[in-house]
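Report on the structure given below.
All of the numbers you see were taken from the coordinates with simple rules; none came from a lab. Being a predicted model, the structure only gives us computed values, none of them experimental. Glycine also receives a Cβ, built like all others from the backbone with ideal geometry; neighbour counts cover every protein chain displayed.
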Amino acid sequence: MEYRSIIYKKENGVATIILNRPRALNALNAELIEELLDSVRQAAEDKEVKVLILTGAGRAFSFGADISEFSQVQEKPGKNSTWDLLLKSQEIIRLLSGMPKPTIAALNGFATGLGLDLAMACDLRIAAERAKLGEAFVSMGLIPDGGGTFFLPRLVGFARAAEMIFRGEPLSATEAERIGLINRVVPNQELEKSTKELAGKLAKGPSLAIGLATQVLWKNLQADLDSALKFAAESQKTCLESEDHREAVKAFLEKRNPVFRGK
């Protein structure tokens, strides 16, 4: 697929998806949703991709759904109806949260509504100081439909999640970091550098183990302790039998840095 509303780049095992509707604050319209779904699926299936970065162009990560466009298609059935776009958005969320490789949301500005849900579907979140994060659905008389009611209480606790959803007011990046919604805040001009450094380090790591750890973390959000331990044991068996584990042991004994191959 040829992209018009996103930029897709791949370098040294790191894929970067840039939402590219800066004049619309990267609001998610039908075209952007379709292209984002395709590009996330491409990154998930590409064996050369070890890490995925999701970010936005301009002043926003994503301001959420493009209300002006959604209101025009609301009454039209079938392709690009409001319901169709909602289901496609949820499929993007499923792909991000189920990807067997680490995903990083680089929040360059506003991340609100569906934009925040996309960020929360990623494993890690790094925000520029100017970023604002909020569940803005209530301002349109709606509830979060992109996983916000699942992700948010698990990240910040039930009470804070309820308040964010009920009020719909954005938080500063500093406050979001304080309550555990994001991993860290960096100066605006250092966001790209900091994200690439982290992604590069992860891409050079034991990608098999990191990918399995990602899957275990997400799956165990809904598991009881016994199920969590069993799934961890199954995944660990795969790691113990891997070339990466043997290389790590050998490198430790030889007092050198390991060279991982993701196998």
Exercise. In degrees, nearest 10, range 0 to 90: what is the angle between the Cα axis of helix 191-203 and the longest Cα principal axis of the chain?
Worked result: 40 degrees
Exercise. Of L240, L155, L37, which has the largest mean-square fluctuation in a 10 Å C-alpha GNM of the chain?
Worked result: L240
Exercise. What is the Cα coordinate range of region 108-185 on the first, second and third principal axes, sorted by size from largest, in whole angstrom?
Worked result: 30, 21, 19
Problem set entry | Extension gain (nm, one decimal) between S68 and K47, 0.36 nm per residue minus Cα-Cα | 3.8 nm
For this session: Using the charge dipole of the chain (Lys, Arg: +1 at Cβ; Asp, Glu: -1 at Cβ; taken about the Cα centre), state which of L36, Y3, L225 has its Cα farthest towards the positive end.
Result: L225
Seminar exercise, completed: Partner aspartates and glutamates whose C-alpha sits under 16 Å from that of K101, ignoring same-chain residues fewer than 8 away, are E11, E45, D46, E48, D123, D244
Exercise. Points 7 angstrom from Cα along the Cβ direction at R130 and D84: gap in nanometres?
Worked result: 3.6 nm
Seminar exercise, completed: Simple SL model, points at 7 angstrom along Cα→Cβ for R261 and K10; separation in nm is 2.0 nm
Seminar exercise, completed: Whole-number value, in Å³ per residue, for the convex hull of the alpha carbons of region 207-253 is 66 Å³
Exercise. In whole angstrom, how long is each semi-axis of the equivalent ellipsoid of region 6-203, when you take the square root of 5 times every eigenvalue of its Cα gyration tensor and sort them from largest down?
Worked result: 24, 21, 15
Problem set entry | Within the chain, percent of DSSP bridges classed antiparallel, to nearest 5 | 25 percent
Problem set entry | HN-Hα J in Hz across region 150-165 - Karplus 6.51, -1.76, 1.60, θ = phi - 60°, x for Gly and Pro | 8, 5, 4, x, 6, 8, 10, x, 4, 5, 5, 4, 4, 5, 4, 6
Problem set entry | Within the chain: Cβ-based charge dipole about Cα centre, in debye rounded to nearest 20 (Lys, Arg +1; Asp, Glu -1) | 780 debye
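Sorted by average packing, counted as other Cβ atoms within 10 angstrom per residue and highest first, what order do 15-23, 254-262, 53-61 take? Show your work: numbers first, answer last.
On the way: 15-23: 20.0, 254-262: 12.9, 53-61: 23.2.
Listed from highest to lowest mean packing, they are 53-61, 15-23, 254-262.
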Problem set entry | Degrees separating the helix 30-45 axis from the principal Cα axis of the chain, which is the longest one | 10 degrees
Exercise. In a GNM of the chain with a 10 Å cut-off on Cα contacts, which of V51, V40, V156 has the highest mean-square fluctuation?
Worked result: V156
Problem set entry | Greater than 28 Å apart at Cα, pairs in K88/K230; K9/K237; K230/K263 | K88/K230; K9/K237
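For region 89-233, what number results from the quotient of the Cα radius of gyration and 2.2 N^0.38 Å? Don't skip to the answer; put the middle values down first.
Numbers: Rg = 15.5 Å, N = 145, 2.2 N^0.38 = 14.6 Å.
Here the Cα radius of gyration is 1.06 times the empirical estimate.
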For this session: Compare the Cα positions of L171, V186, A203 along the charge dipole of region 151-204 (+1 at Cβ of Lys, Arg; -1 at Cβ of Asp, Glu; about the Cα centre) and return the one farthest towards the positive end.
Result: A203
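So what's the back-of-envelope 222 nm ellipticity for the chain, counting only DSSP H runs of four-plus at -39500 (n - 2.57) apiece and dividing by all residues, rounded to 500?
Values: 11 runs with 124 residues, N = 263.
One gets -14500 deg cm²/dmol as the mean residue ellipticity at 222 nm.
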